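Read through the structure below, which is laid out as C-alpha cells, and then see the notes.
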Amino acid sequence: MKRTLVLALSFLLPLLAFFTNLPLAFSDDVEQVVDIHGDPIFPGFTYYILPAIRGPPGGGLKLGQTGNSECPLTVLQDYSEVFRGLLVQFTIPGISPGIIFTGTKLDIEFIQKPWCAESSKWSVFVDESIQKACVGIGGAEGHPGQQTFAGKFHIEKYRFGYKLVFCITGSPTCLDIGRFDAQNGEGGRRLNLTEHEAFDIVFVPAFEADKVIKSVV
C-alpha cells in the first residue's frame with residue numbers, strides 16, 4: 001500500500017507543479033518561453049538577455065551608476081552589439097523548479113552583484129531627474145529618497161522575440177519594459193517602464209553566448 005501511494009505521488013506532484021504554474025489568465029495564446037534554439041527556459045538556469053535584432057540596437061545588460069548613487073544599481077543596455085552583458089536567472093515565486101510560460105509571474109536577478117548592493121534582484125524605482133520609472137537592483141534600500149514599486153515581471157511574445165512586462169503589486173497596472181537613452185554619459189540605455197515601444201529581446205543560454213556574439217562581428 002505504501003509503495004503504491006509513493007508511486008502515485010511521484011506521478012502527481014510534477015503534474016501539480018505544472019498546473020499551478022500556469023498563468024491565471026490562461027488562454028490559447030499562452031506558450032512555454034524558449035531560448036534562441038527553441039529550447040524551453042527554466043528557473044535557476046542562467047541566460048543572457050540580448051536584443052532580438054543584433055547590430056545598432058546594442059548588446060547585453062549591465063549595471064551602471066546613475067544620479068547621485070555611488071553604487072551601480074541601475075540596469076543599462078550596453079551600446080555595443082558585441083557586449084554579452086551580465087547573466088540573469090529567473091525564479092517563479094513559491095514554485096521550484098516550475099515551468100516558465102508567457103504570463104508566468106517571475107522574479108529576475110543577476111548572478112553577480114556589486115559589493116555595495118543588498119541584492120541583485122530586479123526592482124523598479126522612479127528617477128525624478130529624468131521622470132522615468134527605471135529598472136534597477138537593490139530594492140528600496142538601494143534607492144533612498146526615490147519611489148520604488150513592488151511587483152513581478154513576466155514574459156510575453158513580441159515582434160521578433162519576447163518582451164518583459166512589469167506588474168505593480170496591488171494594482172491592475174502592467175507596463176512593458178522599454179529602453180531610454182538619457183544621453184548623459186551613463187554608458188548605456190536605461191530599461192524603463194513604457195507605454196510605447198518595448199525592448200524586443202531573446203534569451204541566450206550562458207554557454208552559447210560566444211557563438212552568438214561572433215555571429216555579428
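Every condition in (1) within 25 Å of E31 (Cβ to Cβ); (2) open to solvent by 50 Å² or more (accessible area, probe 1.4 Å); (3) touching a strand residue (DSSP E or B) at 6+ places or on another chain (Cβ under 8 Å) is met by V204 except one, and the failing one is (2). Inclusion of L24 among residues that are modelled with pLDDT of 95 or more and either part of a loop (DSSP other than H, G, I, E, B) or of a type in the set (A, V, I, L, M, F, W, C) (or both) is not warranted. Which members of the stretch 57-102 meet the condition of being in a strand (DSSP E or B) and of a type in the set (S, T, Y)? Those that are in a strand (DSSP E or B) and of a type in the set (S, T, Y): T74, T91. Look at the stretch 25-40: where a residue is open to solvent by less than 50 Å² (accessible area, probe 1.4 Å) and a partner is at pLDDT below 90 and in a loop (DSSP other than H, G, I, E, B), sitting 6+ places away or on another chain with Cβ atoms under 7 Å, you get V30/P23.
Of the numbered criteria (1) open to solvent by 40 Å² or more (accessible area, probe 1.4 Å); (2) modelled with pLDDT of 90 or more; (3) closer than 30 Å to G138 by Cβ, the one P72 fails is (1). Does the stretch 193-215 include one or more residues that are part of a loop (DSSP other than H, G, I, E, B) and at pLDDT below 90? Among the residues of the stretch 193-215, at least one is part of a loop (DSSP other than H, G, I, E, B) and at pLDDT below 90, which makes the answer yes.
Test of understanding: among G178, G139, which residue is in contact (Cβ under 8 Å) with a residue 12 or more places away in the chain, out of contact with any Gly (no Cβ under 8 Å at 6 or more places or on another chain) and farther than 30 Å from G55 by Cβ? Answer to the selection: G139.
Within the stretch 42-55, residues that are touching a residue at least 12 places away in the same chain (Cβ under 8 Å) and surrounded by fewer than 16 Cβ atoms within 10 Å (Cβ to Cβ) reach partners that are among the hydroxyl-bearing types (S, T, Y) and not in a loop (DSSP other than H, G, I, E, B) with beta carbons closer than 9 Å, at six or more positions or on different chains, in the pairs G44/T91. When residues in the stretch 85-108 are screened for being at pLDDT 95 or above and open to solvent by 60 Å² or more (accessible area, probe 1.4 Å), 1 of them pass.
For the stretch 60-69, a residue qualifies if it is open to solvent by 60 Å² or more (accessible area, probe 1.4 Å) and farther than 15 Å from Q183 by Cα, and exactly one does: N68.
Look at K163 and say whether it is out of contact with any Cys (no Cβ under 9 Å at 6 or more places or on another chain), in contact (Cβ under 8 Å) with a residue 24 or more places away in the chain and more than 22 Å from F83 (Cα to Cα). Spell out how you get there, then give the answer.
Working: out of contact with any Cys (no Cβ under 9 Å at 6 or more places or on another chain): yes; in contact (Cβ under 8 Å) with a residue 24 or more places away in the chain: yes; more than 22 Å from F83 (Cα to Cα): no.
Answer is no for this residue.
The values are calculated or read from the model by the stated rules, or taken from the named source; none is laboratory data. Every value quoted in this text rests on a predicted model; they were computed, and no experiment measured them. Quick reminder, even Gly has a Cβ in these numbers, built from the backbone with ideal geometry, and neighbours come from all protein chains shown. Note: areas computed on protein heavy atoms with side chains; ligands, DNA, RNA excluded. Shrake-Rupley method; radii C 1.70, N 1.55, O 1.52, S 1.80 Å.
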